[in-house]
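What follows is a set of notes on a single structure, which appears directly below.
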Amino acid sequence: MSSIFAKKIVGIIIFLKHKTLINKLNDTRASKNKYCIWGTNRPPKQKVDRIYFAVDGKVKGYFKIFKITENEIRFYPESWQSIENGSNLKIIEGWRYYKE
């Protein structure tokens, strides 16, 4: 049974270390018309356009995805959108769908 209060999938979320997030934020390859990647052996089946990142279980923000292939998610570092007071979530390995 669906509810008018059902949460909508807005992207995927990945849990990582602070240092890894900083590396993605400081990646300058986009200025050379290149992009950052996040490798995956399980691409999303549902259409998503954001890749959220959480550090220590707290959502920090997202990048806008511009392409998903069979084994990677591509995004530009300058598309970062910070989230203040992000949700606290249970940490998992890999990725999962993220809902608002």
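On the principal axes of its alpha-carbon atoms, the stretch 9-99 has extents of 36, 27, 19 Å, going from largest to smallest. Would you work out if the stretch 50-100 is rounded, prolate or oblate? Take a ≥ b ≥ c from the square roots of the eigenvalues of the alpha-carbon gyration tensor; rounded if a/c is under 1.5, else prolate when a/b is larger than b/c, oblate otherwise. Since a/c reaches 1.5 but b/c is at least a/b, the shape of the stretch 50-100 is classed as oblate.
Net length available on complete extension from N85 to K47 is 11.1 nm, with 0.36 nm assigned per residue and the Cα-Cα distance removed.
Extension gain, K34 to H18: 0.36 nm times the residue separation minus the Cα-Cα distance gives 3.5 nm. Counting other Cβ atoms within 10 Å as a rough exposure proxy, the listed residues K99, K47 run K47, K99 from fewest neighbours to most. Of the residues I14, I37, I22, the one that moves most in a GNM of the chain with alpha-carbon contacts below 10 Å is I22.
Laboratory data are not the source of any read-out in this text; all were calculated from the coordinates shown. None of the values given here were measured: they were computed from a predicted structure. No Cβ is skipped: glycine too gets one built from the backbone with ideal geometry, and neighbour counts run over all protein chains shown.
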